[in-house]
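Beneath this line is the structure, given in structure tokens, with notes to follow.
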Amino acid sequence: MKVKVEILSGPEDGQEYSITKSSDIGRDSANPIALTFDKFLSRRHSRILVAEPECFLEDIGSTNGTFIDGERLTGRILLENGKVFKVGQTWLQVSW
């Protein structure tokens with residue numbers, strides 16, 4: 001399963017990441033999805049889990065939280081194709 005993660009806000013608006021396996025999102029440049037410009041992100045903030053045919057999002061102990069549908073994420077949530085979520089001050093969209 002090939003998953004696309006697109007940045008919808010900030011200085012890298014329009015940047016896309018293509019992932020095929022579970023990937024961390026965070027400020028650290030070692031993350032597969034590195035958002036080094038967002039100072040509100042933890043070094044390792046959240047994770048997209050690819051478990052074909054499904055895709056999940058989970059917060060991995062971030063300070064400022066991961067938000068989906070205006071609610072702070074607790075635990076793991078099943079993502080729908082085209083879903084938008086927020087980490088730090090950055091909006092992202094996931095699709096496949």
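Can you list the equivalent-ellipsoid semi-axes of the chain, largest first and in whole Å, using the square root of 5 times each Cα gyration tensor eigenvalue?
18, 15, 13
Provide D59, D69, D38 ordered by accessible surface of protein heavy atoms (probe 1.4 Å), highest first.
Descending order: D69, D59, D38.
Read phi for every residue in the range 2-16 and hand back ³J(HN,Hα) as whole Hz from Karplus 6.51 cos²θ - 1.76 cosθ + 1.60, θ = phi - 60°, with x for Gly and Pro.
9, 10, 10, 10, 10, 7, 9, 8, x, x, 10, 3, x, 5, 10
When only Cα pairs under 8 Å and 6 or more residues apart are kept, what is the percent relative contact order across the chain?
Dividing the mean separation by the residue count of the chain yields 27 percent.
When ligands, DNA and RNA are left out and all protein chains stay put, how many square angstrom of accessible area per residue does the range 15-71 have with a 1.4 Å probe?
For the range 15-71, the solvent-accessible area averages 53 Å² per residue.
Pop out the ³J(HN,Hα) list for the range 19-27 in order, Karplus 6.51 cos²θ - 1.76 cosθ + 1.60 with θ = phi - 60°, rounded to Hz; leave Gly and Pro as x.
Those phi angles translate into 10, 10, 9, 4, 9, 7, 10, x, 7 Hz.
For the range 69-84, in order, what is each residue's ³J(HN,Hα) by Karplus, 6.51 cos²θ - 1.76 cosθ + 1.60 with θ = phi - 60°, in whole Hz (x at glycine and Pro)?
Going residue by residue, I get 6, x, 10, 5, 6, 10, x, 10, 10, 6, 8, 9, 4, x, 5, 10 Hz, with x marking Gly and Pro.
Can you give the accessible area of F40 in Å² (nearest 10), computed on protein heavy atoms with a 1.4 Å probe?
Around 110 Å² of this residue is reachable by solvent.
Can you tell me how much longer the chain between V84 and E52 gets when fully stretched, taken as 0.36 nm per residue apart minus their C-alpha distance, in nm with one decimal? Could you put the intermediate results ahead of the total?
Details: separation 32, 0.36 × 32 = 11.52 nm, distance 1.95 nm.
Contour length minus the Cα-Cα distance gives 9.6 nm.
Tell me, what % of the accessible area of the range 1-78 is carbon and sulfur with a 1.4 angstrom probe? Walk me through the numbers on the way to the answer.
On the way: 1990 of 4350 Å².
For the range 1-78, the apolar C and S fraction of the accessible surface comes to 46 percent.
In cubic angstrom, how much convex hull volume per residue do the alpha carbon atoms of the range 50-96 span? Can you show the working numbers first?
Values: hull volume 3.4 nm³, N = 47.
Residue-normalised Cα hull volume stands at 71 Å³.
The values are calculated or read from the model by the stated rules, or taken from the named source; none is laboratory data. Owing to the predicted nature of the structure, the values given are computational and were not obtained by experimental measurement. For the accessible areas, the whole protein counts, side chains as well, though only heavy atoms, and no ligand, DNA or RNA atoms are used. Shrake-Rupley method; radii C 1.70, N 1.55, O 1.52, S 1.80 Å.
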